[in-house]
Every structure is written in C-alpha cells, then in structure tokens.
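Notes follow once the structure below has been shown.
The values are calculated or read from the model by the stated rules, or taken from the named source; none is laboratory data. From a predicted model like this one, the values you see are computed outputs, not experimental measurements. Here the Cβ is made from the backbone with ideal geometry for all residues, glycine too, and neighbour counts use every protein chain on show.
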Amino acid sequence: MTSQATSQRRIDLDWLRVILIGFVFIFHSGRFFDTGGWHVKNPETYFGVQVWTTFLANWMMPAIFAVSGASLFFALGRSNGKFVKDKVLRLLVPLIVGAFTHVAVQVYLERVTHHQFTGTFFEFLPHYFDGLYGFGGNFAWMGLHLWYLLVLFVFSLLLLPLFRWLKGHGAPLLNKFDDVLSLPLVVYALALPIALLTVNLDPRTPLGMRDMGGWPLPTYLLFFIYGFLVISHTGLQQRIRQQRWLSLFLGLVCFAVLAVIWAVQGDAPVGTPRYAQIFTIFGISAWCWVLAIFGFGMKHLTRNPPFLQRANEAVLPFYVLHQSILIYVGYFVVQWNIPDLLKWLIIAPVSLALILGLIKIIERVNVLRFLFGLKPLRRSAQPAPAVTPVAQTIE
C-alpha cells in the first residue's frame, strides 16, 4: 500500500490554479466572437472560435474543480467552525458583493444589447431586482460568472463530513481504493461515471442544464471528489505522472473526434444515439485532459518564484473581476468598425491591464481585501503578501 500524501504545500496546485484562471480569462475574451449565446456579442460570430471555446469548456472548469478538491485535502486540518468561516469569507462575501455591484452592470449591458431594455444604467437599476436571472428576471443571484464560488461553497460544506472521515478513520478504505486506481490505466475508468452523468442528465432540466461552464452541476461534483482522491495518494500521483503523455494523447484524440463529428453532422438532439455518442466522448475527453494537466503539473510545476506567491493570492479577485471588466470593455469595442481580430486584440489586453490595476488597489486596502475575499494585511505588512499556504487560496 502506498501512503497518503502529507505535504502541507503543493507548488503544482498553486501553479495550476493561476494557469487555469488565466485560461478562464482567455475563454471569456473569446465569447464575444463564438456562435453561442452570451451577454454581449460581436455583430459577426465564427464557428472556428466556437470550436476553440468548446475545447476550453471541455476541460477548463472540470480541471478547476479537480484542483479545488485537491486543495480541500490540505484545508481539513482546521476545526469545522474555522473551515466554514473561511469559506464564508472567501467565497460568499465576494459573491454577494459582486451580485449587488459590478455584476448588475453586466446584466444591464446584456439587456441593452439584446434589445430588452432601453435607458441608462440608473434607470435600469430598480428593475435589476425584478425576478431572478435565469428564471425570467434580472437579479443575478448566482453572480453570473461567480456561480463557481457558490457551487464551490456548497460542495465544500456538503462533502466536509465525508472528506474528514476519509482522511481519518476511513483512511484505510481510501488507501485501498487508491491502490486500485494506481494500477496501470485503471484511473481512466473514472471517466465512465462522468460520461454516464453527462449523457443521462437532460440539459432542459435544472439538474442537467449546461449554462455554467458547459457541464451539468453533478459532473462538477465528481471532478471535485476525484481531485481529493488524486492528491490523497502518492502512488496514484506517481501513476498519473507516468501516464501524462498518454492522457494528453487520449485527450487530443477524443476532442479531435468530437470536432469532426460536430463539423460534419452538427448538434445532436437530446436522447438520440448520436447525442449519447458525442457526450460519452466529451466526458472521456475531459477526464483525460484533467489527468494530463495534473500529470504535467506534478512533473514540471515545481519551482516557487516570488511571482507565484503574489499571483496565487490575486487569483480570487482576478476571477471575481475578470468577466465584468471584459464585458464593460467589449461592449464598446465590438461596436467599432474595425477588423474583428483587432477588436479581440484590444479587448483582451485592455481588460487585463484594468483588472491588474484594480487588483493593485485592492491588495492595499483592507476593506477592499475583505470585499474580495482576501485576508486583511497586518499593520506591519507590506503590500506584497507573505507566502500563502495552499489551503488558504481559492479552492
């Protein structure tokens, strides 16, 4: 039997968190130009961009939830009270603040560009509280892109008793299960529950809807649990490192097959054999990509430069702000009579600069740090934060 991982700091998880949130920014910067519906759209959209955003959606949020589950493994040393308090401050506070402030402007711009409202933002503001967004109203009770914070909060509390048991009295059972997963190729079998859920959850129902990152919520729960399993066992991690190139190859092949089927045959009606085929491959592809991401991260993301410490703390406010700033900037730029590639080349860097500038301000003001889920600076502290334990980062 291989022993559980016991390190209290994982540099690879810090790196993966920063890199994946960077991909979230890239993903949303392309949503102006893909063929899917979004809050603000460019007058002309492109199937090629849709393929790109679908590719990112295939593994991006699954990988983020897997990293979140892995991070939770290290956060279980606290008492239940401190654990819940930390999650409220780091997840619910920025969610609530966002829903009542900058997210309201996103909804306003969506209503204006979709010809559902005319007038100024201040004229719209009283109507922001007319009903719930997603149910015919305007109030973004899940914070639009901030839904991840709410879902992560619920998952963390829901699984806290199970994870504590698995790390304590249930550790022998967890080790035996992970020993099996550590056998060659066996870890790929975890893709089957993902595929089954993805195929059988009807996207027309609340439980099966794919409006949040392209996946039904129950599949994120599986990725969250899988991340916890992976980080709990050194033998399983060694196997994932060894199989990283195979995982990457399988992920590439699966998505290439998906792209061909999609390009040739188009979307498949729900419940048809082709629908089951497509989303079975979609689920398998996602898990292979997650394994590749973990494997290459464990192998290569081992350095701890000073940049990583700052970036790791900035991940949460960056995530909270990124979509709002992108939409604010994009709303104006997509209306300009310039080439669409140039529009993206303006939207992405200008938005990035604005976000980073705002984070610089947030880092220095304790009231803002609280509103964006960061711990307060000590009186003697400099603006550059000290090394942040992995359990205290966005999970």
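Data table
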{"read-out": "All positions within region 230-241 that are at pLDDT 95 or above and either of a type in the set (Asp, Glu) or assigned to a loop (DSSP other than H, G, I, E, B) (or both)", "value": "none"}
{"read-out": "Subset tally (residues that are more than 16 Å from His322 (Cβ to Cβ) and either under 18 Å from the mean Cα position of the chain (by Cα) or of a type in the set (Val, Ile, Thr) (or both)) for region 100-140", "value": "5"}
{"read-out": "Any pair with Cβ under 7 angstrom, 6 or more apart, that starts in region 220-249 at a residue that is touching a residue at least 12 places away in the same chain (Cβ under 8 Å) and ends at one that is basic (Lys, Arg)", "value": "Arg241/Lys299; Arg244/Lys299"}
{"read-out": "Region 346-366, residues that are touching a Pro at 6+ places or on another chain (Cβ under 9 Å) and of a type outside the set (D, E, K, R)", "value": "Ile355, Leu358, Ile359, Ile362, Asn366"}
{"read-out": "Selection from region 11-55 of residues that are under 30 Å from Pro306 (Cα atoms) and of a type in the set (S, T, N, Q)", "value": "Ser29"}
{"read-out": "Top-ranked residue in region 198-215 [being over 19 Å from the mean Cα position of the chain (by Cα) and outside any loop (DSSP other than H, G, I, E, B); ranked as farthest from Trp59 (Cα to Cα)]", "value": "Asn200"}
{"read-out": "Val180 being farther than 30 Å from Phe27 by Cβ, assigned to a helix (DSSP H, G or I) and aliphatic (A, V, I, L, M)", "value": "yes"}
{"read-out": "Matching residues in region 335-356 - criterion: being in a helix (DSSP H, G or I) and touching a Lys or Arg at 6+ places or on another chain (Cβ under 7 Å)", "value": "none"}
{"read-out": "Residue in region 108-116 that is charged (D, E, K, R), touching a residue at least 40 places away in the same chain (Cβ under 8 Å), buried (at least 21 other Cβ atoms within 10 Å of the Cβ) and farther than 20 Å from Leu150 by Cα present", "value": "yes"}
{"read-out": "Residues being at pLDDT below 95 and among the polar types (S, T, N, Q) - total across region 143-181", "value": "1"}
{"read-out": "Selected residue (criterion: surrounded by the fewest Cβ atoms within 10 Å (Cβ to Cβ)) from residues of region 344-374 that are of a type outside the set (S, T, N, Q) and more than 25 Å from the chain's Cα centre (by Cα)", "value": "Val367"}
{"read-out": "Meets criteria (in a helix (DSSP H, G or I), buried (at least 17 other Cβ atoms within 10 Å of the Cβ) and of a type outside the set (Asp, Glu)) for Gly227", "value": "yes"}
{"read-out": "Helices (runs of 4 or more DSSP H) contained entirely in region 1-88, each with at least 3 residues that are more than 21 Å from the chain's Cα centre (by Cα)", "value": "80-87"}
{"read-out": "Close pairs (9 angstrom Cβ cut-off, 6 or more residues apart or separate chains): in a loop (DSSP other than H, G, I, E, B) in region 125-137, among the hydrophobic types (A, V, I, L, M, F, W, C) and surrounded by fewer than 13 Cβ atoms within 10 Å (Cβ to Cβ) anywhere", "value": "Gly137/Phe129"}
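Quick grid of which residues meet (1) touching a helix residue (DSSP H, G or I) at 6+ places or on another chain (Cβ under 6 Å); (2) crowded, with 18+ Cβ neighbours inside 10 Å; (3) among the acidic types (Asp, Glu):
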{"position": "Ile21", "(1), (2), (3)": "yes, yes, no"}
{"position": "Pro43", "(1), (2), (3)": "no, no, no"}
{"position": "Gly48", "(1), (2), (3)": "no, no, no"}
{"position": "Ala66", "(1), (2), (3)": "yes, yes, no"}
{"position": "Val84", "(1), (2), (3)": "no, no, no"}
{"position": "Leu89", "(1), (2), (3)": "no, no, no"}
{"position": "Ala99", "(1), (2), (3)": "no, yes, no"}
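So that you can scan it fast, the table gives a plain yes or no per residue for (1) closer than 17 Å to Pro317 by Cα; (2) among the basic types (Lys, Arg):
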site	(1), (2)
Lys85	no, yes
Val88	yes, no
Gly98	yes, no
Phe117	no, no
Thr120	no, no
Glu123	no, no
Pro126	no, no
